[in-house]
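The values are calculated or read from the model by the stated rules, or taken from the named source; none is laboratory data. These figures come from a predicted structure and were not determined experimentally. Because the Cβ atoms are built from the backbone with ideal geometry, glycine has one as well, and the counts that use them run over all protein chains shown.
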Amino acid sequence: MAEEIYEKGTIIKIRCKDFMTYKEATFRPSPRLNLILAPNGAGKSSLTCAMALGLAADPKILGRADKAINFIKRGAEEAFTEVTLSAGPGKRPYIIQRTLKKDNMSRYRVNGKEQPRSHVVQLMQDLNVQLDNLCQFLPQDRVQSFAQMTPKQLLEESERALADGKYYQLHQELVEESKDLENIQRSTGVLERKLEDEEKLLAEVQRDKDRYDQRDALERQAKVLESRLAWVSYREAHAKAIETQDKLKAAKKNLADRKRQLDESQAPIKERKDALDKQNKIVTKIKAAVTKAENAMEAANNQCVNQANKAQESWDQIEGLKKQAERQQQDVARAEAALAKAKEDLENVPNAASQDQSQSTQDLDALRAEIRDLSAQACFPIPLLATENDPYMSGSHSMTLHLALVL
């Protein structure tokens, strides 16, 4: 019997362990149509789920649960699936293994080498295994979704499932070309309407051009007439210019004669004006000298006033000093009288007790101090001279006081 040939992407073997109702099971489908017949609860749907999840499908497409851990057999810590797919006649098949754990983590291995889920998903695309296409993979729990698909959706999903999606690509290209054709048709309609508008505009422009040509002809004719008019005007203006030049020459000659006469008549006036300018300069200098002298006199007068004020202040100070000196002389005279009386008292009591003598000496010292203070306040010296007869200097009771006043 000839060996059966498995086309690219067909299932060669499915093996699962601790997956849903299966403790451990292995299935080897043929390369053609396969039918699984069994009573309810025997595990038909479990086999379908093992195939889909083993090929990295999203659990949601099965319509049973949202997480892969819900497919682990009750009492087991993990589940294991192995799906062998054909890579094409004469090529090594792909053995895809998946381990599902309780912590919702999965581990994939392809031909014994650990790979990420994205690698398995890309491999399914290369093998044209479309687990999300209801026309290629229809779980029991999603039959209602298949019945609700529109004819357009059924056609597109069927095309994706056939011939590696070639028909779907051709259909999409046809759709895009149809859209392009519609765009071209719309553009053609727009261009046709635009052409009509341009033709109407061209007709209006043609009318404007005819009016412009007519206007241009009239303008050229007007320019010719203007040129003729300008020539006539030039000839008339030239004749007037010649006549005006003759008049101008005569007027210039008349002006020169009158100017010469005016210069001759203004010569004496100029001489008088020069003399008057000289006199004005002399008057200006005299005014400046007078102003300078007045300023000097005013400064001298201010200085004299200041000196007089200062002299008056000095004289007032002298008068005050004289009056103060007179008062001081009177005070000195009174002090001399008191001193003479004290001397007389001392001479009258030569044998007084030592206590009275000491008191008298203190009184004399106080009088001397008062005289010195009065002398200092009067701003002139009043020296006290002790003679050799001073009883307090020589031990006797005779004393002579000399006062010198200097004003």
Does Tyr6 satisfy being crowded, with 17+ Cβ neighbours inside 10 Å and under 29 Å from Lys91 (Cβ atoms)?
yes
Cβ pairs under 9 Å, 6+ apart, first in segment 116-133 and outside any helix (DSSP H, G or I), second exposed (fewer than 14 other Cβ atoms within 10 Å of the Cβ) and modelled with pLDDT of 80 or more
Leu131/Asp58; Asp132/Asp58
Before we move on, is Ser45 within 18 Å of Val129 (Cβ to Cβ), surrounded by 14 or more Cβ atoms within 10 Å (Cβ to Cβ) and either over 60 Å from the mean Cα position of the chain (by Cα) or of a type in the set (A, V, I, L, M) (or both)?
no
Top-ranked residue in segment 78-90 [being over 11 Å from Arg15 (Cβ atoms) and in contact (Cβ under 8 Å) with a residue 40 or more places away in the chain; ranked as surrounded by the fewest Cβ atoms within 10 Å (Cβ to Cβ)]
Pro89
